[in-house]
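The values are calculated or read from the model by the stated rules, or taken from the named source; none is laboratory data. Keep in mind that what you see is a predicted model, and the values were worked out from it rather than measured. Methodologically, a virtual Cβ is constructed for each residue, glycine included, from the backbone with ideal geometry; neighbour enumeration extends over all protein chains shown. Calculation scope for accessible area: heavy atoms of the full protein, side chains included, ligands and nucleic acids excluded. Shrake-Rupley method; radii C 1.70, N 1.55, O 1.52, S 1.80 Å.
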Amino acid sequence: MDSSANSLINPDARMGLAGATAGAGATGQPELSGAGVGGNFSQRLSGLAQMRGNPRAPLIFAVAVLVAVVAGLILWSRQPDYKVLYSNLSDQDGGTIVTALQAANIPYKLSDGGGAILVPSEQVHETRLRLASQGLPKSGSVGFELMDNQKFGISQFAEQVNYQRALEGELEKTIQSISAVRTARVHLAIPKPSVFVREREAPSASVMLNMYPGRVLDEGQVAAISRMVASAVPDMPASGVTIVDQDGNLLTQQNSGAGLDATQLKYRQQIERNTQKRIDAILAPLFGAGNAHSQVSADIDFSRTEQTAESYGPNANPQQAAIRSQQTSTATETGQSSVGGVPGALSNQPPQPASAPINAPNGASGAAPTTPVSDRKDATTNYELDKTVRHYELPQGGIKRLSVAVVVNYMRTVDAKGKVTMQPVPADKLTQVNQLVKDAMGYDERRGDSVNVVNSAFTTDIDPNADVPWWRTPDMIAMAKQVATYIGIGIVALILYLMMVKPALRRAFPPPPEAVPAVASSDEPILLDGIPDSERIGGVGGAEGAAALEGPGGTDLLTFENEKHKFEKNLEFARTIARQDPKVVATVVKNWVSDER
């Protein structure tokens, strides 16, 4: 409650309460305790009213909040800046590193659900070196260091298992070095070697990749991982490597020969796009940008063909032909005297030696002439023939057929009056366009290529908002929404100013009271609304009342409205005390009456 209310009630109340207290103390009646309690209660109500009526209370509260915020910011700024020491740690490595940090008395924090460990920024490098000297963090996969501590007398099976585990761990470390891969798991299926060739089986591998959020591997990277794993294991084909991601999606494309894979489709689209760019580039200078559009459809042959041809032809010049082989044989049979007679021991005798001399002349007597019975000669000659062996291996991706469709817009013409009209393109110019398109695409009639050029008016330049009123166009609607947003923000700001800021300013900085003429005579009381000013000031009369009415300059006086409002507040306060403790009020009135007597 303000000072005027205190001056109106408190002086007489204090006097009455003092008298009531003294009288009660003399007579020992129970009114004493009631008067004391009522006085304390009234004092508490008066203090609360003063606190509520203080116009600078909001300002004090705001200053306190500001001081608290500044103090909190200062304390927060003094906290050390934490940076990541290690991230993407397994639970085992994380627990080991936390234990080492606690032993070294290094402060730390956990983030990302325990997957990352943070330490003060000035201790990051030193802590990493200290943990590295202890062999931390340990990777989840074990490589060939598993073979360092081999036990004596280990079996061949256990040694083979350790080798396979070490090979899997090394592959996992290598795959994890790829930027998009977070973790990797490799499983190798290496069959037992056999001495029989028919019973040999090729090894295979399965790779599980855990990718970073928002990252994927393209086809080239997947193929590189497959080739790398296949190259690390002897006799493993690249087709025997299967790669999947953390969602179970198959990354390796197994080409079964049915249909096209992604690489072939991409190659086909690239050929179509390059052909279309060449056609558009040659037509743009003739008709302008956007007045000619083309579409290309390519039929690509992805079959892989190998063919071997062996042909034989007659020799062009037999005399100059090369002889492969030649064989000649001669057989001659001559006649001899035969033994005749009856078969028997004497007739079956071997022939006797000739009795005639060897050099006897022909027709000499004493010997029978010898004449040939048959003479045979055989000659065989083999010549080399003209032989041609051809081996054909047709490459994949050959173009089987190209189909091109071109649409050309009408030509824009301007007459002498400046009127713009759209006219069809002349036939001779369309013929030129057809020939240009064929040359740009690499037209081949034997392949069955086709070109279709059509001249038609385009309708893309029609404004869809031509018949819409200006105030319903999209631009105007967007502008209206933006203006409405700004107006709404201004209204909210104005409401906050009128409801919160302006009342706080009035309470913190009240306007000065209006100046009134000085009182000529102080003998007669000044009446405002029929009430003496001495009563309004709290019963203070004479010089004290005049001093209370005067301000620093001696002429300031509260306005009539303020005085009336304060009087009503004082009257309501007195009524409240009377309702709560009527005995105290009765004692005060009794003292007033006794004083007047």
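Take the residue pairs Lys569/Lys590; Lys266/Lys400; Lys566/Lys590; Lys564/Lys590 and return only those whose Cα atoms are more than 19 Å apart. Checking Cα-Cα distances, Lys569/Lys590; Lys566/Lys590; Lys564/Lys590 exceed 19 Å.
Under 19 Å from the 7 Å Cα→Cβ point of Ala427, by amide nitrogen: which residues of segment 441-457? Residues 452-457 qualify, since their backbone N sits under 19 Å from the label point.
In terms of modelled amide H atoms, which long-range or inter-chain residues lie less than 5 Å from the amide H of Asp245? Distant-sequence amide H within range of Asp245: Leu209, Leu251.
Between Asp439 and Ala238, what is the FRET efficiency for a Förster distance of 45 Å, r being their Cβ-Cβ separation, to the nearest 0.05?
Between Asp439 and Ala238 the formula returns 0.60.
Are any of the pairs Lys83/Lys109; Lys151/Lys192; Lys277/Lys438 more than 19 Å apart by Cα-Cα distance, and if so, which? Working shown, then result.
Working: Lys83/Lys109 9 Å; Lys151/Lys192 23 Å; Lys277/Lys438 14 Å.
Table pairs above 19 Å Cα-Cα are Lys151/Lys192.
Taken about its Cα centre, segment 368-450 carries a charge dipole of about 580 debye when Lys and Arg each add +1 at the Cβ and Asp and Glu each add -1 at the Cβ.
If we sort 438-448, 414-424, 494-504, 173-183 on the protection proxy, mean other Cβ atoms within 10 Å, highest first, what's the order?
Working: 438-448: 13.5, 414-424: 8.5, 494-504: 11.3, 173-183: 15.1.
Output ranking for 438-448, 414-424, 494-504, 173-183: 173-183, 438-448, 494-504, 414-424.
Extension gain for Phe509-Ala281 works out to 74.5 nm (0.36 nm per residue, less the C-alpha to C-alpha distance).
For Phe152 and Arg185, compute 0.36 nm times the residue count separating them, minus their Cα-Cα distance, and round to one decimal in nm. Mind showing how you got there, number by number?
Values: separation 33, 0.36 × 33 = 11.88 nm, distance 2.99 nm.
Here the answer is 8.9 nm.
For an R0 of 35 angstrom, estimate the FRET efficiency from the Cβ-Cβ distance between Arg130 and Ser177 and round to the nearest 0.05. Let's see the in-between values first.
Values: r = 25 Å, r/R0 = 0.70.
E between Arg130 and Ser177, to the nearest 0.05, is 0.90.
Which sequence of Glu201, Glu572, Glu168 reflects their accessible areas, 1.4 Å probe, from the largest down?
On the way: Glu201 135, Glu572 90, Glu168 35 Å².
These residues rank, largest area first, as Glu201, Glu572, Glu168.
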